[in-house]
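Engineer: Just passing along the structure, written as structure tokens.
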Amino acid sequence: TKLFAPTEEPVFTAFTRSVPTSGPEAGHVPVALGGAFFPDESGLLYLVRLYDDAVVHHLPVKNVKVAKLVLDYVQAHQVHDGAWLTTAPQRYGQFTISPDTWLDGYLYPEGAVSGYAQGLYVVALEAARGVIAEAGARFVLAGVAAATLACFTPAALAPDLLLLDYSPDLA
């Protein structure tokens, strides 16, 4: 729409500025502007949105440094052996929620693989590759099918399916 660029650019720029760039929370994306930091899929959604804004709509919101920090945070804190893992249900006020797969969703146990979150992780990897790779990072991504299959296949049974590799060699 005509209003997309004039509203999306300042909102996304504000989100980018709200992502910590140093310390233990570097790369952790808040749930909302000025909002709390949950162990949720906000980082994945940030990478997809960055790709859509910068690459698809050509808005001047591309920030490779922050994109790399977000990807590094997600992979260090939320991914194990190619699978995006859920955290344990947590209590917020009078509600118990699974913060990593929508607040009103199923209460996943700690360490589960949600099809929604895993699919979003694969899309976010593709988005990150589209934003970061042109700046010099090397990605090996064998395709959505192999990546998704890898998360549901124990590494001991099929180590060759765990083909997601991110080389953090950006200057």
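Engineer: Taking only protein heavy atoms into account and a 1.4 Å probe, give the accessible area per residue of region 20-70 in Å². Each step should come with its number before you reach the end.
Structural biologist: Values: 2290 Å² over 51 residues.
Value for region 20-70: 45 Å² per residue.
Engineer: Between beta-carbons, use under 15 Å as the cut-off and find the net charge around TYR73, counting Lys and Arg +1, Asp and Glu -1. Mind showing how you got there, number by number?
Structural biologist: Working: positive: LYS65, LYS68; negative: GLU25, ASP40, GLU41, ASP72, ASP100.
With Lys, Arg at +1 and Asp, Glu at -1, the neighbours total -3.
Engineer: Let me cross-check PHE37: its accessible surface, 1.4 Å probe, with only protein heavy atoms counted, in Å² to the nearest 10?
Structural biologist: 90
Engineer: Turning to a different aspect of this structure: Can you give the charge dipole size of region 3-108 about its Cα centre, rounded to the nearest 20 debye, using +1 on the beta carbon of Lys and Arg and -1 on the beta carbon of Asp and Glu? All intermediate terms of the calculation are to be shown ahead of the outcome.
Structural biologist: Values: 6 positive and 11 negative charges, 53 e Å.
Dipole size: approximately 260 debye.
The values are calculated or read from the model by the stated rules, or taken from the named source; none is laboratory data. Note that this is a predicted model, so its numbers are computed, not measured. Methodologically, a virtual Cβ is constructed for each residue, glycine included, from the backbone with ideal geometry; neighbour enumeration extends over all protein chains shown. Keep in mind that these areas ignore ligands, DNA and RNA; they rest on the heavy atoms of the full protein, side chains included. Shrake-Rupley method; radii C 1.70, N 1.55, O 1.52, S 1.80 Å.
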